[in-house]
Amino acid sequence: MRRIAAAVVLATGVVAASSVPVRGQESESAQAVLPESRTDQTTLPDAIDLKGGRPRVDPTTPDPAATNLSDSVGDLSGPPTLSLPNQPEQVRIKELRPLTLEEVLQIAEVNSPTLKAVVKQEEQAKSSLRAAISAWYPTLDLSANGLPEYFKSYTYRNPKYVPQPTPFEVLETSRETYGRQWRVSANLRLSWDIINPARVPQIAAARDSYERVRHAYIVALRDLRLETATAYFRLQESDEGVRIGQDSVRASLISLRDARARYNAGVNTKLEVLEAETQLARDKRLLTDRLTTQQLTRRNLARLMNLPQDVTPTAATPARPLGLWGSSLQESITAAYRFREELDQLILDVSIANSQANASLAAVQPVLSFINNSNTFRIEGQTGRYSYGDIDMDDYRWGVDNSTLLAATWRLFDGGRARAEYRRFKQAAEESEQNFAAQRDLIRLEVEQSFVSLRAAIQDIETTSSEVISSRESLRLSQLRVQAGVSAQREVVDNQRDLTNAEINYAGAIREYNVSLAELRRRTGLDALIGCPTPELPSQKPETGGIEMPIEPTPLKSACTAVTAEGQTGADSQPVQPLW
């Protein structure tokens, strides 16, 4: 294990604790190097020049998400989207499925509803882009008034004003007139904007929004992989914690049995028996906590994988270092700047805001449109007759007319609205530029945090592995001393507790190391890990050849009963109000 840690130290450029200079030496070194290593910040390359003003997704850059499950996990497809169990039997766990890290990542990519939701967002953005591009095409509208329309009329006129015939003409007059007609009319309108200043910037904004969502999908995929891998590493740690708790309880049972045997033989006191019982109670509590953590981590991993309701995942492989990080801190930071899609999204935000600003000015710019109107109608029947019987429905009229024109619109004054909207979007672009600077600094901090955590985990692996080996040997020697009668049971209890804590710390160091590696891979895009040799300290505690003490199952008692058993009586207990 020390060789592993040393190799990791060399690969990452980490300085060992023993070689760190003292405060005075470090200050002198910094003062000597800092003025020569300073870089003129005004000469740094511009992100727009490096990535382009409208960065596009390179389909060859990200590893595509898995779309199908392999045969070994083909039965672990997620439940239907809108399924909702309503019976206890439907959510009862019926299978514990051991899975490797690769299988867990594959299932999460195929089943994750969060990732599928981002895919739908990408499809929506693509549809929005297609809708914006349609502004280049003409529109054709068909309208009809009555298909058909039945018209019927009756008119009564004051007789006083009804015209009278002259001596030289015969004029049929009446105070009442009637009408009845069937009417059909249709209008076909073709319109096309020859000049529309808002069209190009709106399409540009829609295209950038689509690219932004595509970047968001890549970010969601990488975040899902990191979150799933982290949950798997925590599950491995919880499995190791359960194993440590079981070994601790087993060792405490053996110590308690030996202490009672020596007490019955009269070679020790009741105090040593009580100490052994106390340690057994501590170890049982530790095992209970680790079993609880294991159950919760399993279900959290099942949530990320969207597994069937009756399946719980388990870790098929023990925890061990994934490999060695072969890049320096400076290489990792610069790689992160090139790799992170979040920076590309902010650049697209700048482009989107600028396009929206240009589109807002189009409200006070002229629009030239080509319009063609075609109308047709047909009317059957008559109006203005003196009775319904005089109306002849065979009488009809129909006609067609067509008009072609150029129409121009220009809003000369809008109260300053368009100019205010322009300034607002330009200010939003400047805000995105500031967010770019903040995200850039955050990316560097994240890489440095993961790098420092990796360095600390390397040191922890080395120290905790040595601690585990020393604690095991100390426990063995203390047990021999107690058996020889030259030591007390307290020494065994203390050494056993030290061994338990050391093993827990070692498992935590392995988990922290793997999580830091996963974070660096996610945050930098670098995936060239150096193969890690087999650790000298096995992930499973080796068999000592000693007497195995079975762990008897402990029934789950009521919390109130346990408290009452410690000295309270039933009469002292008070009714508890429900929480809801």
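Filter region 255-290 for residues that are assigned to a helix (DSSP H, G or I), more than 47 Å from the chain's Cα centre (by Cα) and buried (at least 17 other Cβ atoms within 10 Å of the Cβ) and give the result. Scanning region 255-290 gives Ser255, Leu256, Asp258, Ala259, Arg262, Tyr263, Glu272, Val273, Glu275, Ala276.
Say whether the condition of being at pLDDT 95 or above, of a type in the set (Phe, Trp, Tyr) and crowded, with 18+ Cβ neighbours inside 10 Å is met by at least one residue in region 231-251. Taking every residue of region 231-251 in turn, at least one turns out to be at pLDDT 95 or above, of a type in the set (Phe, Trp, Tyr) and crowded, with 18+ Cβ neighbours inside 10 Å.
Checked against (1) in a loop (DSSP other than H, G, I, E, B); (2) over 49 Å from the mean Cα position of the chain (by Cα), Asp401 passes all but a single condition, namely (1). Restricting attention to region 143-180 and to residues that are among the β-branched types (Val, Ile, Thr) and farther than 13 Å from Ser387 by Cβ, the residue that is modelled with the lowest pLDDT turns out to be Val170.
Residue by residue, here is whether (1) surrounded by fewer than 20 Cβ atoms within 10 Å (Cβ to Cβ); (2) aliphatic (A, V, I, L, M); (3) in a loop (DSSP other than H, G, I, E, B) holds:
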residue: Ala418; (1), (2), (3): yes, yes, no
residue: Glu433; (1), (2), (3): yes, no, no
residue: Phe451; (1), (2), (3): no, no, no
residue: Leu454; (1), (2), (3): no, yes, no
residue: Ile458; (1), (2), (3): no, yes, no
residue: Glu462; (1), (2), (3): no, no, no
residue: Asp494; (1), (2), (3): yes, no, no
residue: Asn501; (1), (2), (3): yes, no, no
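Being aliphatic (A, V, I, L, M), farther than 30 Å from Arg56 by Cβ and in contact with an Asp or Glu (Cβ under 9 Å, 6 or more places away or on another chain) is not true of Ala353.
Condition (residue is among the aliphatic types (A, V, I, L, M), over 20 Å from Leu329 (Cα atoms) and either modelled with pLDDT of 90 or more or outside the structural domain of Glu341 (by TED's automatic domain parsing) (or both)) applied to region 452-467: is it met by at least one residue? Yes, region 452-467 has at least one match. Checking the stated criteria, Leu301 turns out to be of a type in the set (A, V, I, L, M, F, W, C), touching a strand residue (DSSP E or B) at 6+ places or on another chain (Cβ under 6 Å), part of a helix (DSSP H, G or I) and surrounded by 15 or more Cβ atoms within 10 Å (Cβ to Cβ).
Residues are listed down the side, and each one gets a yes or a no for (1) at pLDDT 95 or above; (2) crowded, with 18+ Cβ neighbours inside 10 Å; (3) out of contact with any Lys or Arg (no Cβ under 9 Å at 6 or more places or on another chain):
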position: Pro64; (1), (2), (3): no, no, yes
position: Ser70; (1), (2), (3): no, no, yes
position: Val73; (1), (2), (3): no, yes, no
position: Leu76; (1), (2), (3): no, yes, no
position: Leu82; (1), (2), (3): no, no, yes
position: Glu89; (1), (2), (3): no, no, yes
position: Glu95; (1), (2), (3): no, no, yes
position: Arg130; (1), (2), (3): yes, no, yes
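Selection of region 140-152 for residues being loosely packed, with under 12 Cβ neighbours inside 10 Å and either in contact (Cβ under 8 Å) with a residue 40 or more places away in the chain or of a type in the set (Asp, Glu) (or both) yields Leu140, Asp141, Leu142, Ser143. Within the set Leu307, Leu343, the sole residue that is surrounded by 18 or more Cβ atoms within 10 Å (Cβ to Cβ), assigned by TED's automatic domain parsing to the domain that holds Arg423 and in contact with a strand residue (DSSP E or B) (Cβ under 8 Å, 6 or more places away or on another chain) turns out to be Leu307.
The values are calculated or read from the model by the stated rules, or taken from the named source; none is laboratory data. Worth saying up front: this structure is predicted, and the values here are computed from it rather than measured. All Cβ positions, even for glycine, are placed from backbone atoms using ideal geometry, and neighbour counts span all protein chains on display.
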